[in-house]
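Here is the structure we will look at, set down as structure tokens.
The values are calculated or read from the model by the stated rules, or taken from the named source; none is laboratory data. Everything quoted here is computed from the prediction, not taken from an experiment. All Cβ positions, even for glycine, are placed from backbone atoms using ideal geometry, and neighbour counts span all protein chains on display.
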Amino acid sequence: MSAIEIATKRIKEFEGCALQSYRDQGGVLTIGWGCTHSPIAEGMKIPQPEADRRLEIDSVATMTRVKAQIEVPLNDNQLGALISFTYNEGAGHLMESTVEKLLNAGDYTGAADAFLVWDKCRGVVVPGLLRRRQAERMLFLAA
């Protein structure tokens, strides 16, 4: 399985798909498989093929951002975990994260452990985010 396929499977597992826009736990307008970029409007509805198309486009764009930020070699599982993390948190958060700093320093295990720090929304641990980060960490460490 390619990194994109691995990431997409993980994203679908944790994001779920909403065909009508809603506000996520952080108050961000969201639609489809966790898509948060425009065009999205309150009460907007999209068909399933549109949600799937947005996920495909966003996953590839996220992979491009991850590859631009990470300076060390990655296997498909590591790249897939980073795509899933970055899809959820954003490329800006990857750039400022200990995940990126440790990974670019060659500390793969430390970087994997740093995924677990990103389990909060507005300072409160969210059980779903904790499960996601644990799953991303395990995926990152998988051969």
Somewhere in segment 126-136, is a residue over 21 Å from Ile6 (Cβ atoms), basic (Lys, Arg) and modelled with pLDDT of 95 or more?
-> no
Heads up, the helices (runs of 4 or more DSSP H) in segment 27-106 (entirely inside) with at least 3 residues that are out of contact with any Pro (no Cβ under 6 Å at 6 or more places or on another chain) and more than 29 Å from Ala142 (Cα to Cα) are 48-69
Restricted to segment 30-57 and to residues being more than 20 Å from Thr86 (Cα to Cα) and small (Gly, Ala, Ser), the residue surrounded by the most Cβ atoms within 10 Å (Cβ to Cβ) is Ala41
Picking from Gly16, Gly27, which residue would you name as being under 15 Å from the mean Cα position of the chain (by Cα), closer than 26 Å to Lys120 by Cα and exposed (fewer than 12 other Cβ atoms within 10 Å of the Cβ)?
-> Gly16
Residue check, Ser97 in contact (Cβ under 8 Å) with a residue 40 or more places away in the chain, surrounded by 14 or more Cβ atoms within 10 Å (Cβ to Cβ), closer than 24 Å to Cys35 by Cβ and of a type outside the set (A, V, I, L, M) = no
Being more than 15 Å from Lys67 (Cα to Cα) and of a type in the set (Phe, Trp, Tyr) is the filter here, so list the residues in segment 85-139 that pass it.
-> Tyr108, Phe115, Trp118
Taking into account only those residues within segment 110-127 that are part of a helix (DSSP H, G or I) and surrounded by fewer than 13 Cβ atoms within 10 Å (Cβ to Cβ), which is farthest from the chain's Cα centre (by Cα)?
-> Pro127
What are the residue pairs meeting all of these: first residue in segment 4-20, first residue among the polar types (S, T, N, Q), second residue crowded, with 20+ Cβ neighbours inside 10 Å, Cβ atoms under 7 Å, and 6 or more apart or on different chains?
-> Thr8/Leu55; Thr8/Ser59
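Quick grid of which residues meet (1) at pLDDT below 95; (2) buried (at least 16 other Cβ atoms within 10 Å of the Cβ); (3) within 16 Å of the chain's Cα centre (by Cα):
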residue	(1), (2), (3)
Pro73	no, no, no
Leu79	no, yes, yes
Ile83	no, yes, yes
Leu102	no, yes, no
Ala143	yes, no, no
